[in-house]
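One structure is given here, and the rest of the page talks about it.
The values are calculated or read from the model by the stated rules, or taken from the named source; none is laboratory data. Only a predicted model underlies this, so the values are computations on that prediction, with no experimental measurement involved. As a convention, Cβ positions derive from the backbone with ideal geometry for all residues, glycine included, and neighbour counts pool all protein chains shown.
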């Protein structure tokens, strides 16, 4: 189930809007988007907020087809929830494609959701892990990283108990980033030992 390249912007509770999912690039040559079926579920609920018990009821009416795109009205979302929005497109040749993204709902004063760290990018991964590591090192009790790949999104939590594991992941990401960019690996330091032998740490 391919994920769209970007998520929908955060909406406010009670708001209504028309949302579009574009199947351009997924329609086979000679075919058209014949129909689409939308679904809405709760992907994540922020701490201290109530999960939406009936997310599918937020889909209002039927979708409309506009060329290779499908448009659906969504309204009355619940604050503090991130919704997984998916559309199953049926092509005129019978093929089906499912595309999805996330639609956050935030009330007044709630922080806007992060776009998530591209976990396939070792440099972005290293930056996020480094920030988490030093937060724990300075006394933080828990750090959350919202990770994102083409197929999934996940909230990863780190605590002081797994700081060692976090450091291993950080060093691996830094090494991958250095190899990708051609930059020197900052972790390859030389130490002077007895007999003036240089040792790579």
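Condition (residue is under 30 Å from residue 143 (Cα atoms) and in contact (Cβ under 8 Å) with a residue 12 or more places away in the chain) applied to segment 86-98: is it met by at least one residue?
yes
So, in segment 153-163, of the ones that are within 15 Å of residue 117 (Cβ to Cβ) and surrounded by 12 or more Cβ atoms within 10 Å (Cβ to Cβ), which residue ends up modelled with the lowest pLDDT?
Here the answer is 153.
Report, by residue number, each residue of segment 43-52 that is touching a strand residue (DSSP E or B) at 6+ places or on another chain (Cβ under 9 Å) and either over 19 Å from residue 87 (Cβ atoms) or modelled with pLDDT of 95 or more (or both).
44, 45, 46, 49, 50, 51, 52
I'd like to know if segment 164-181 contains one or more residues that are at pLDDT below 80 and surrounded by 11 or more Cβ atoms within 10 Å (Cβ to Cβ).
Within segment 164-181, none of the residues are at pLDDT below 80 and surrounded by 11 or more Cβ atoms within 10 Å (Cβ to Cβ).
Of the conditions (1) without any contact (Cβ under 8 Å) to a residue 24 or more places away in the chain; (2) within 19 Å of residue 20 (Cα to Cα); (3) out of contact with any strand residue (DSSP E or B) (no Cβ under 7 Å at 6 or more places or on another chain), residue 66 satisfies every one except a single condition; which number is it?
(1)
Can you list the strands (runs of 3 or more DSSP E) found entirely within segment 56-126 that contain at least 3 residues being buried (at least 18 other Cβ atoms within 10 Å of the Cβ)?
Answer list for segment 56-126: 69-75, 81-91, 96-105.
For every residue, the table says whether it meets (1) over 20 Å from the mean Cα position of the chain (by Cα); (2) closer than 24 Å to residue 26 by Cβ; (3) at pLDDT below 80.
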residue	(1), (2), (3)
81	no, no, no
109	yes, no, yes
116	no, yes, yes
123	no, no, no
130	no, no, no
134	yes, no, no
144	no, no, yes
148	no, yes, yes
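Report the residue count in segment 1-28 for those that are over 22 Å from residue 93 (Cβ atoms) and assigned to a strand (DSSP E or B).
Here the count works out to 7.
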